[in-house]
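Everything below concerns the one structure shown next.
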Amino acid sequence: MSVSRETTMRPLLALSAAIDLLNEKIGYICNWLVLAACVVSAGNAMIRYAFGYSSNGWLELQWYMFAVLVMFGASYTFKRNEHVRVEIFYLILSERGQLWLDLIGTLCFLIPSCLLLSYLSWPFFMQAYAVGELSSNAGGLIRWPIKFVVPAGMVLLALQGVSEVIKRIAALQNLVTIDAKYERPMQ
């Protein structure tokens, strides 16, 4: 019985590892986006105060970088088990109970919500793309690429949810050991 479980889980765990790698790479890019957004913000402020020149394009670029950082960084944060959670029940459960709670929460809430939000936000992107939507601000950026970030970010988060489900099922079957222990952040 255990051999058939391992045989079944092996390709799923490979899929999970591929999703984890994808989101790890995206997380690495998001880490650099934090620095880039700070540099653009500081540069824009210095130019505005030193030379009296301001550009809506630079302001919008900051917003775009922040949007990418939040929407794509969510899957990376989830992968690293550093997301927000309700601790009321979680901290009193055993490790196995925490795995079950993660599994049920991800299957029943996270994945369906992400897929629904991706589905609902897709028409807004497609409409903006179809008309070549531009910013209404003078010197602003094109808008349709940033509108793609919402459905793409939700799909990435749902994919990471699939990866976490696979890992928790394997852990519950004692096929792998995962570090899913949540540590309460110091405040």
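Just a yes or no: is a residue in the range 51-59 assigned to a helix (DSSP H, G or I) and aliphatic (A, V, I, L, M)? There is at least one residue in the range 51-59 that is assigned to a helix (DSSP H, G or I) and aliphatic (A, V, I, L, M).
Scan the range 118-142 residue by residue and report those that are at pLDDT 90 or above and surrounded by 15 or more Cβ atoms within 10 Å (Cβ to Cβ).
Let us first name the residues in the range 118-142 that are at pLDDT 90 or above, namely 118-132.
Once the filter is applied, which keeps residues that are at pLDDT 90 or above and surrounded by 15 or more Cβ atoms within 10 Å (Cβ to Cβ), the range 118-142 yields Ser118, Ser121, Trp122, Phe124, Phe125, Ala128, Tyr129.
Considering Arg10, Arg48, Arg5, the condition of being over 29 Å from the mean Cα position of the chain (by Cα) and either acidic (Asp, Glu) or under 27 Å from Lys79 (Cβ atoms) (or both) is satisfied by Arg5 alone.
If I filter the range 75-88 for residues that are of a type in the set (A, V, I, L, M) and either surrounded by 14 or more Cβ atoms within 10 Å (Cβ to Cβ) or in contact with a strand residue (DSSP E or B) (Cβ under 6 Å, 6 or more places away or on another chain) (or both), do I get at least one hit?
Initially, the range 75-88 is screened for residues of a type in the set (A, V, I, L, M), giving 84, 86, 88.
Cutting the leftovers down to either surrounded by 14 or more Cβ atoms within 10 Å (Cβ to Cβ) or in contact with a strand residue (DSSP E or B) (Cβ under 6 Å, 6 or more places away or on another chain) (or both) gives us none.
No, the conditions are met nowhere in the range 75-88.
The number of residues in the range 44-84 being modelled with pLDDT of 90 or more and of a type in the set (S, T, N, Q) comes to 3. Report every pair of residues separated by at least 6 positions or lying on different chains whose Cβ atoms are under 7 Å apart, first residue within the range 52-64 and closer than 17 Å to Cys38 by Cβ and of a type in the set (A, V, I, L, M), second part of a helix (DSSP H, G or I) and modelled with pLDDT of 85 or more. Pairs found: Leu59/Asn44; Leu61/Val40. Residues in the range 148-183 that are of a type in the set (D, E, K, R), in contact (Cβ under 8 Å) with a residue 24 or more places away in the chain and either farther than 24 Å from Phe109 by Cα or surrounded by fewer than 17 Cβ atoms within 10 Å (Cβ to Cβ) (or both): Asp179, Lys181.
Does the range 78-114 hold any residues that are aliphatic (A, V, I, L, M) and either in contact with a His (Cβ under 8 Å, 6 or more places away or on another chain) or free of Cβ contacts under 8 Å to residues at least 24 places away in the same chain (or both), and which are they?
Within the range 78-114, the subset aliphatic (A, V, I, L, M) is 84, 86, 88, 91-93, 99, 101, 103-104, 107, 110-111.
Val84, Val86, Ile88, Ile92, Leu93, Leu101, Ile104 - these are the residues of the range 78-114 that are aliphatic (A, V, I, L, M) and either in contact with a His (Cβ under 8 Å, 6 or more places away or on another chain) or free of Cβ contacts under 8 Å to residues at least 24 places away in the same chain (or both).
Scanning the range 120-142 for residues that are without any contact (Cβ under 8 Å) to a residue 24 or more places away in the chain and either in a helix (DSSP H, G or I) or within 14 Å of Tyr64 (Cβ to Cβ) (or both) yields Leu120, Pro123, Met126, Gln127, Ala128, Tyr129, Ala130, Val131, Glu133, Leu134, Ile142.
Lys147 meets all of the listed conditions (1) at pLDDT 90 or above; (2) basic (Lys, Arg); (3) under 19 Å from His83 (Cβ atoms) but one, namely (3). Once the range 60-100 is narrowed to residues that are of a type in the set (S, T, N, Q) and not in a helix (DSSP H, G or I), the residue that is nearest to Pro151 (Cα to Cα) is Asn81.
The values are calculated or read from the model by the stated rules, or taken from the named source; none is laboratory data. Since the model is a prediction, treat every value here as computed from it, not as a measurement. Please note: Cβ atoms are built from the backbone with ideal geometry, for glycine as well, and neighbour counts cover all protein chains shown.
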